[in-house]
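The values are calculated or read from the model by the stated rules, or taken from the named source; none is laboratory data. Not measured: the values here are computed from a predicted model. So basically every Cβ, Gly included, is an ideal-geometry build from the backbone, and we count neighbours across all protein chains shown. The protein model used for the area step is the full one, side chains on, heavy atoms only, and it has no ligands, DNA or RNA in it. Shrake-Rupley method; radii C 1.70, N 1.55, O 1.52, S 1.80 Å.
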Amino acid sequence: FKGGDTCEYLLSSGRFLGEKVWQPHSCMMHKYKNSEAKNCLIDKHVVFIGDSRIRQLFYSFIKVINPQVKEEGIKHGNIPFEDKSASIKVDFLWYPEVNGSMRQRIKSWTEGSVAKPHIIVVGAATWSIKIHNGSNEALAQYKINITSIAPLLEKLAISSDVYWVLQDPVYEDMLSESRKMITNKKIDAYNEAAVRILNSSSRNSKAKVKVFSVSKLIAQETIMKSADGLHLPESSRDTNAMILMNVYCNKIMKPIDGSCCQPQPPLTLIQKIAFCFFTLSIFGYLIISLIHRNNYRKNKSCTDLESGEEKKPAISTPNVSTLEMLLHCFCKLGLIMTYFYLCDRANLFMKENKFYTHSSFFIPIVYILILGLFYTENTKETKVLNREQTDEWKGWMQLVILIYHISGASTFLPVYMHIRVLVAAYLFQTGYGHFSYFWIKGDFGVYRVCQVLFRLNFLVVVLCIVMDRPYQFYYFVPLVTVWFMIIYATLAVWPQIVQKKANGSCLWHFGLLLKLICLLTCIYFLSYSQGTFEKIFSFWPLSKCFELNGNVYEWWFRWKLDRYVVFHGMLFAFIYLALQKYQMISEGKGDPLFSNRVSNVLLFISIVSFLTYSIWASSCKNKTECNELHPSVSVVQILAFILIRNIPGYVRSVYSSFFAWFGKISLELFICQYHIWLAADTKGILVLIPGYPMFNVLVSTFIFVCVAHEISQITNDLAQIVVPKDNSTLLKRLLCIAGFFSGLHFFSEMQEQSRH
């Protein structure tokens, strides 16, 4: 740990990911759009002073503000630029040498009431080398001139951002005859002089000229693509301009994926209360543990001095009280949440941008799929979508999604479309699983509802508090929560139709189908009525849960993307359970699901359907158009997979315990990845061990999986305490939870007022 000032890293070090993506050391760089650049630089004056290389940087900088700008200025003269809509002025001043003229111009900004530029970018040397034929006298004069300018720049640096751009190396083989004297050895000498002299007289750390040395590193990798051996290719100078934008704008705009130069966010009121709560829980648990340990030691067997025999105590093991168990859970949770905060809110660990390559996605996929095959075991039961099989399905899907996120594969449309099917498959299982439970058990009690809601939402609620993020930010949990409540409402409202009742008359089956048709109609109506949907979820308190960035559009988009798949899951469960009841399928060990002929035909159709969908998804050219079709067609590949996995008896009778293990903690893995595996709220990658990418992934993954597993156990333990089976006790707990959320809302409102 070298400190929290990532600006120095951004200006001085980094590496290329691929050919064009620059990765600063230790932090993430945001790619600014022109609207963001205008908001950052509104009412600002920026000045570039120097030679043709600085002019190149000037043009790249103003193209971030206005991409339509053309490089049509006087080559050896001043070039003004103004954006009147945002009152931004950016000037290029032609001073190719560090001499008296440049000094006079800089001095004019330090005197009297002259308006100082907010950002000053200076750099020059190659003209001095060229004009004086690389003489030592010219270097000596350069040192004298920069020594006279340095105090002025340091004075300006008190109120303005001042950057000295070091000279980039040249590609000597491509230089014209008139530039042959500009050698990399000479450039290094001039750079060393500038670095040594600048800030040498400054005692005030605030009055510091920032040395822009990262351009040298970028040029070393790209100068061979230069047109003349002297000037950088366009992609390299665009990178330099974006670095300048990040240095100045990140602390103003605070982009999620721009961790460079961002100060650590201050603790909110709710975070402080959470910190106090977890601290008290840790101390409380330690005190109770010590008391219990002392009592246990007193009751331990001891030797009777008279008879020489051991006396056994009445109690041989310590009793774990509910309070101790509760404090133990919160103690562990407090330590885990501290790790979450340090990883993604404190400037302690490094973060890096994602960079997609086909190998970074497909090689790990092949590896884990092969690994999963080595853990094949027999299932306890051979029913379609039995517990082991659904856990296995969740597990391998979750691992694929994790690899998709860390590799940045969302930029590759065919992979994106297949991952959308995996997310849809999770929701399909939600529809299938909850429908099956309510249909078979007929249990619509409050206990069941509270248990499901607690297990789904506990981790996310804690993260909303600790990480200061809205509920909708963790979009998948709100999605499955709402769909669970829709399934519950559909089946619980009068008339309650369950399997036991339907066995008496086939008419009840038609009644249930009628309910499902009504549900489909409502889904269809809401999917094509955005206004109605937004009105429903804009009412308080729903708006507090489903708004993101002040509106519910993100929630509307997420809901609409997989709007039919839960219904498909419910319908599949209904048809499957009906076939099972009338013994139209065979689920014996090793038996095909249907007769051999029907099984072979269905298997062939399923394989063709599966491949057809993959070919269509791989040929997608437009994400918007493919997303429009996805809700209707994703079920094709899901059903094809289920049939391929379940029709052959020998395939249905085995499962991968490796994938099933991950499937049992799939929800925790999906949520935890936001902050302790990825970084900057999934936009980047957490770096615990810099310089060793593979080793870093191994270490961070091990910690991440262990934490997810531990949180799963904590959630299960707390669910037994917080959601008891006794109705009167449960009612009291629900009142306590209502009080908790009321307090949370009160403190949230206080936070918002203090922010404004």
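With respect to L744, is the statement that it is aliphatic (A, V, I, L, M), on the phi < 0 side of the Ramachandran plot, open to solvent by 70 Å² or more (accessible area, probe 1.4 Å) and outside the structural domain of I607 (by the TED database) true? So L744 fails the test. At least 2 residues being free of Cβ contacts under 8 Å to residues at least 24 places away in the same chain and assigned by the TED database to the domain that holds I406 is the threshold, and among the helices (runs of 4 or more DSSP H) wholly inside the stretch 597-675 those reaching it are 623-646.
Among the residues of this structure, E97 counts as one that is charged (D, E, K, R) and open to solvent by less than 70 Å² (accessible area, probe 1.4 Å). If I filter the stretch 706-739 down to residues being of a type in the set (A, V, I, L, M, F, W, C), under 28 Å from the mean Cα position of the chain (by Cα) and under 17 Å from N457 (Cβ atoms), which single residue comes out as surrounded by the fewest Cβ atoms within 10 Å (Cβ to Cβ)? Looking at residues that are of a type in the set (A, V, I, L, M, F, W, C), under 28 Å from the mean Cα position of the chain (by Cα) and under 17 Å from N457 (Cβ atoms), I get A719. Taking helices (runs of 4 or more DSSP H) that fall entirely within the stretch 174-272, which contain at least 3 residues that are within 40 Å of the chain's Cα centre (by Cα)? Where helices (runs of 4 or more DSSP H) fall fully within the stretch 174-272 and carry at least 3 residues being within 40 Å of the chain's Cα centre (by Cα), they are 214-222, 234-253.
Within the stretch 554-566, residues that are assigned by the TED database to the domain that holds F533 and more than 7 Å from P631 (Cβ to Cβ) sit with their Cβ atoms under 8 Å from residues that are hydroxyl-bearing (S, T, Y) and assigned to a loop (DSSP other than H, G, I, E, B), at 6+ positions apart or across chains, in these pairs: E554/Y475; W555/Y475; R558/Y475.
For every residue, the table says whether it meets (1) part of a helix (DSSP H, G or I); (2) open to solvent by 30 Å² or more (accessible area, probe 1.4 Å); (3) among the aliphatic types (A, V, I, L, M); (4) not assigned by the TED database to the domain that holds V247.
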residue	(1), (2), (3), (4)
L11	yes, no, yes, no
S26	no, no, no, no
E36	yes, yes, no, no
V47	no, no, yes, no
R55	yes, yes, no, no
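Among the conditions (1) open to solvent by 30 Å² or more (accessible area, probe 1.4 Å); (2) more than 20 Å from N240 (Cα to Cα), the only one that H118 does not satisfy is (2). Checked against (1) under 30 Å from F695 (Cβ atoms); (2) at pLDDT below 95; (3) charged (D, E, K, R), K664 passes all but condition (2). Every condition in (1) open to solvent by less than 40 Å² (accessible area, probe 1.4 Å); (2) farther than 22 Å from I575 by Cα; (3) out of contact with any His (no Cβ under 7 Å at 6 or more places or on another chain) is met by A617 except one, and the failing one is (3). Against the definition (farther than 22 Å from L244 by Cα, surrounded by fewer than 16 Cβ atoms within 10 Å (Cβ to Cβ) and either assigned by the TED database to the domain that holds K89 or of a type in the set (D, E) (or both)), how does S128 come out, yes or no? Spelling it out, it is not the case that S128 is farther than 22 Å from L244 by Cα, surrounded by fewer than 16 Cβ atoms within 10 Å (Cβ to Cβ) and either assigned by the TED database to the domain that holds K89 or of a type in the set (D, E) (or both). Of the residues examined, I149 is one that is in a helix (DSSP H, G or I) and buried (at least 20 other Cβ atoms within 10 Å of the Cβ). Scanning the stretch 334-393 for residues that are open to solvent by 40 Å² or more (accessible area, probe 1.4 Å), aliphatic (A, V, I, L, M) and more than 27 Å from L463 (Cα to Cα) yields I363, V366, L369, I370, L371, L373. Consider G112 carefully, then state whether it is open to solvent by 30 Å² or more (accessible area, probe 1.4 Å), at positive phi and out of contact with any strand residue (DSSP E or B) (no Cβ under 9 Å at 6 or more places or on another chain). In short, yes.
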